[in-house]
Amino acid sequence: DGRLTFHPGNQTVDLPSIRFISRSGTTFLNAYANSPICCPSRAAMWSGLFTHLTESWNNFKGLDPGYVTWMDLMEKHGYHTQKYGKLDYTSGHHSVSNRVEAWTRDVDFLLRQEGRPMVNLTGDKKHVRVMEADWKNTDKAVSWIKEEAINFTQPFVLYLGLNLPHPYPSPYAGENFGASTFLTSPYWLQKVNYGAVKIPRWSSLSEMHPVDYYSSYTKNCTGVFTKEEVRNIRAFYYAMCAETDAMLGEIISALRDTKLLQKTMVIFTADHGELAMEHRQFYKMSMYEGSSHVPLLVMGPGVKEEQQVPNVVSLVDVYPTMLGAARIPVPQNLSGYSLIPLLRGKADNEVSHPEVLRRPRWVLSEFHGCNVNSSSYMLRVGRWKYIAYADGRSVLPQLFDLSEDPDELTNVAMKLPGVVRSLDRMLRSVVNYPKVSSAVHEYNKREFITWKQSLGQNYSNVIANLRWHRDWLQQPQKFESAIDKWL
């Protein structure tokens, strides 16, 4: 959650490495994912293109294998390159449930797709390495810096992808079900200021926007939660962020020990945030701030220190920024814009830099995957966040004034039709969203039919053991009939 990287969010947990980067460099206060889910978001970051251009629709459909990323271009221009950890931007690497999730959106019934969110405390106050896989990848990156990068005569680019602070899989729910366990140790939990952990206000189920209600139901969050449960989920999430911060610290220390820190640009960001029970949801897949607002901090040569940039930016900006930093010609067809002028402090004097003037005053995020029964499109412009759905007619839009309503509790779309019309025109000038929604529907149906045909009569049993918990088994014939009607 990007809001944790600056005041007042950072009062909830001690993040010393984030604090170090913010003192030594620049923090973007309004950075967004271009799609608030793993694979499509990463596809946007690696390609510099919006989701409707990459057609990375869900966690199964990412970039084609062999797609030329900014790192590939840097390698062609003489950079030593290395990747460790989670990449997750090419097609076909998530479970089959991500491929055939179409029916959960388009048919006329609801199934819970996730386990109920829960917390799990492990180890003792000396247990530091909770997420072992991430720590191993961090160790590899540290070794690479100390043993390889230090000897290079050419420049290098290193990518480290972590799983944390993503919730862990929930073993009680079965291997194919969602990750709904917030897991940490007492060592990390003591970094959290429980008194500062805010309990979010919820709308009643009957007052929720229909898309929000669907998401809350499928994420298994419509039941009763005590304040203690909600506070613990949020506190455990912050503790997981603290563990992530420590891994960032290992990289910074390795650069300092090798005397590379002063001549290396360090970028910290994420593919999406975590709702952590805001809006009666956990996980991502939402345009609310907890899910779509990501951290983006940069330090290094030429980067202004102790700078907070209010401009709206997004992950498609990483591609032209990396090439700009490496002085490599930037392709003309990108969705993003280089952050270099903003990093150098040009935000205050926008007139002086044409690159800053070219940057649009909006950012776009879109979502087409699971847990949401409609394609969603978010435009963030100044104080406004406008969210349109589906074809723009069948589902009512949402409009939030973030300056007056930072918690996004009051949808003012009905009260301000003029603002809605203006922002909808702007959104349609960026993406023909009714057409894109229709293309996603067709894609989903094609994928489902192909998958169903490959299984013959067995598809009902396979579905029951995918992601949709045990709801399917209660009335399989009813659900099969509904799917037949849809097809």
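Some notes on this structure:
- Residue satisfying all of: in the range 59-71; farther than 17 Å from Asp271 by Cβ and out of contact with any Gly (no Cβ under 9 Å at 6 or more places or on another chain); surrounded by the fewest Cβ atoms within 10 Å (Cβ to Cβ) among these: Gly66
- Annotation note: of Val395, Val372, the sole residue that is part of a loop (DSSP other than H, G, I, E, B) and within 20 Å of Glu278 (Cβ to Cβ) is Val372.
- The listed residues are Pro40, Pro16, Pro36, and the only one of them that is closer than 27 Å to Lys146 by Cβ and not aliphatic (A, V, I, L, M) turns out to be Pro16.
- When residues in the range 241-289 are screened for being small (Gly, Ala, Ser) and part of a helix (DSSP H, G or I), 5 of them pass.
- Remark: Ser422 matches the filter, which requires a residue to be hydroxyl-bearing (Ser, Thr, Tyr), open to solvent by 10 Å² or more (accessible area, probe 1.4 Å) and not assigned by the TED database to the domain that holds Met277.
- Residue selected from the range 110-153 under the condition in contact with a Gly (Cβ under 9 Å, 6 or more places away or on another chain) and more than 29 Å from Lys83 (Cβ to Cβ), by the criterion most open to solvent (accessible area, probe 1.4 Å): Arg116
- If the condition is being of a type in the set (Gly, Ala, Ser) and either free of Cβ contacts under 8 Å to residues at least 40 places away in the same chain or at positive phi (or both), then the range 9-32 contributes only Gly9.
- Gly336 falls short on exactly one of the conditions (1) outside any loop (DSSP other than H, G, I, E, B); (2) touching a helix residue (DSSP H, G or I) at 6+ places or on another chain (Cβ under 8 Å); (3) of a type in the set (Gly, Ala, Ser), and that condition is (1).
- Test: residue in the range 293-301 that is over 15 Å from the mean Cα position of the chain (by Cα) and not in a strand (DSSP E or B): yes
- The listed residues are Thr269, Thr184, Thr258, and the only one of them that is at pLDDT 95 or above, more than 24 Å from Pro40 (Cα to Cα), in the same structural domain as Met299 (by the TED database) and open to solvent by 10 Å² or more (accessible area, probe 1.4 Å) turns out to be Thr258.
- Of the residues examined, Pro397 is one that is touching a helix residue (DSSP H, G or I) at 6+ places or on another chain (Cβ under 7 Å), free of Cβ contacts under 8 Å to residues at least 40 places away in the same chain and not assigned by the TED database to the domain that holds Pro301.
- Condition met for Asn432 (at pLDDT 95 or above, under 28 Å from Pro200 (Cβ atoms) and either open to solvent by 40 Å² or more (accessible area, probe 1.4 Å) or within 23 Å of the chain's Cα centre (by Cα) (or both)): no
- Tyr79 vs. criteria crowded, with 16+ Cβ neighbours inside 10 Å, under 21 Å from the mean Cα position of the chain (by Cα) and of a type in the set (Phe, Trp, Tyr): no
- A residue that is at pLDDT below 85, within 28 Å of Arg446 (Cβ to Cβ) and open to solvent by less than 50 Å² (accessible area, probe 1.4 Å) cannot be found anywhere in the range 160-173.
- Screening the candidates Ser56, Ser41 for the property of being out of contact with any Ser or Thr (no Cβ under 6 Å at 6 or more places or on another chain) and open to solvent by less than 10 Å² (accessible area, probe 1.4 Å) yields one hit, Ser56.
- The single residue among Leu357, Leu275, Leu334 that is modelled with pLDDT of 95 or more, over 19 Å from Thr26 (Cα atoms), open to solvent by 20 Å² or more (accessible area, probe 1.4 Å) and aliphatic (A, V, I, L, M) turns out to be Leu334.
The values are calculated or read from the model by the stated rules, or taken from the named source; none is laboratory data. Everything numeric in this text was worked out from a predicted model, so none of it was measured. Don't worry about glycine lacking a Cβ; one is built from the backbone with ideal geometry, like all the others, and counts go over all protein chains shown. When the accessible area is computed, the model is the full protein with side chains, heavy atoms only, and any ligands, DNA or RNA have been set aside. Shrake-Rupley method; radii C 1.70, N 1.55, O 1.52, S 1.80 Å.
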